[in-house]
Amino acid sequence: MRKHQKNFIPTLLFLYMIFMIFFFYFSQKVHKNRNLEKINIIMEPLSKNHFVNEKIIKNFLFSTTEKIEKKIGQLCILKMEQKLNNYPFIKKSEVFLSADGTLNIKIWQKEPILRIKNGNKEYYLTKELENLGLSSFYSSKVILAKGYFSKEEKKYLSDLVKTINSDELLKNQIISIKKTVSNLFILIPKIGNHHIILGNLKDFKSKLNKLKAFYKQYLNKIDINQYKSIDLQYKDQIVAKKR
């Protein structure tokens, strides 16, 4: 009995594949001479960025004319996907036709975690550590980092920003990162006219834990503006310098 069951499952899968192939070609034959009337663009819901929208996608794939006059049989799904995947702000795309002839386009956008400014040059750094040019259409609300950063420093910066963004207190307080000429890293807070000396990027988690402890104890009890700097470089202590 078990032997018959084992033989039945591959046969069922094979028949299913044959059916899907037949259904696909039948759908293509039925719809190929029909005008494309419906386009369904799905933006990945988890993305907080809006570098592209439906209008941009349609204009990029077809033209800037309002009415898209295309036969379904004229569409090349593979080329459309390749074209979309070459768009600077698109991470991945899926293009497929539904049984009713609807052209479905699913878009995943690239996710910047940092905006880097080095002199006149400015760009985003994505989660995959890819440099991404700015958009004239949309500006992503991410931490700004100033200075020149090596590939290794960008990896540390990525981890640093992820740690900051995962903590509600630090996320609401740290707005900028600056690299000095002496290769020291400084955090710029939202509240207070001081700067936070992080030092090098190694062991930044323990330094941030010290900063959190300081803020939780003193932020709402003292005038933070009386401090010029908060230095996290020293082991097991914080050095706060007044103006």
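In whole Hz, what ³J(HN,Hα) sequence does the range 181-194 give by Karplus (6.51, -1.76, 1.60; θ = phi - 60°), x for Gly and Pro?
With coefficients 6.51, -1.76 and 1.60, one gets 5, 8, 6, 9, 9, 10, 9, 9, x, 7, 9, x, 9, 10 Hz.
Convert each backbone phi in the range 37-44 into a coupling constant with the Karplus relation 6.51 cos²θ - 1.76 cosθ + 1.60 (shift: θ = phi - 60°), then list the ³J(HN,Hα) values in order as whole Hz, x for Gly and Pro.
10, 9, 10, 10, 9, 10, 8, 3
I'd like the accessible area for residue 167, computed on protein heavy atoms only with a 1.4 Å probe and all protein chains in place. Round to 10 Å², please.
Approximately 30 Å² for this residue.
For the range 72-174, what does the convex hull of the Cα positions come to per residue, in cubic angstrom?
144
Accessible area of residue 102, 1.4 Å probe, to the nearest 10 Å²?
10
Please compute the per residue accessible area over the range 136-243 with all protein chains in place, 1.4 Å probe, rounded to a whole number of Å². Working shown, then result.
Numbers: 6510 Å² over 108 residues.
Accessible area per residue: 60 Å².
Calculate the FRET efficiency for residue 17 and residue 96 from the Cβ-Cβ distance with a Förster distance of 25 Å, rounded to the nearest 0.05.
0.90
At 7 Å along the Cα-to-beta-carbon direction for both residue 242 and residue 176, put a label point, then send me their distance in nm to one decimal.
Taking the two extended label points, one gets 2.7 nm.
Near the amide H of residue 177, under 5 Å away, which other amide H atoms are found, from residues 5 or more places off or on another chain, if H is placed in the peptide plane?
Correct list: 144, 145, 146, 188.
So if each residue of separation counts as 0.36 nm, and I subtract the Cα-Cα distance between residue 134 and residue 79, what length gain in nm does that give?
Here the answer is 17.2 nm.
Given labels modelled 7 Å from the Cα in the Cβ direction, how far is it in nm from residue 104 to residue 205?
Result: 4.0 nm between the two label points.
Given the pairs 117/212; 106/202; 58/179, which are separated by over 31 angstrom at their Cα positions?
106/202; 58/179
Cα to Cα, under 19 Å, and not fewer than 8 places away if on the same chain: which aspartates and glutamates meet these conditions relative to residue 92?
Candidates past the 8-residue exclusion: 44, 54, 81, 111, 128, 130.
Structure shown: which of 178/207; 141/162; 171/241 lie over 18 Å apart, alpha-carbon to alpha-carbon?
Over 18 Å apart, Cα to Cα: 171/241.
The values are calculated or read from the model by the stated rules, or taken from the named source; none is laboratory data. Keep in mind it's a predicted model, so treat the numbers as computed, not measured. Cβ coordinates were reconstructed from backbone atoms using ideal geometry, including for glycine residues, and neighbour counts include every protein chain displayed. Accessible surface areas use protein heavy atoms only, side chains included; no ligands, DNA or RNA. Shrake-Rupley method; radii C 1.70, N 1.55, O 1.52, S 1.80 Å.
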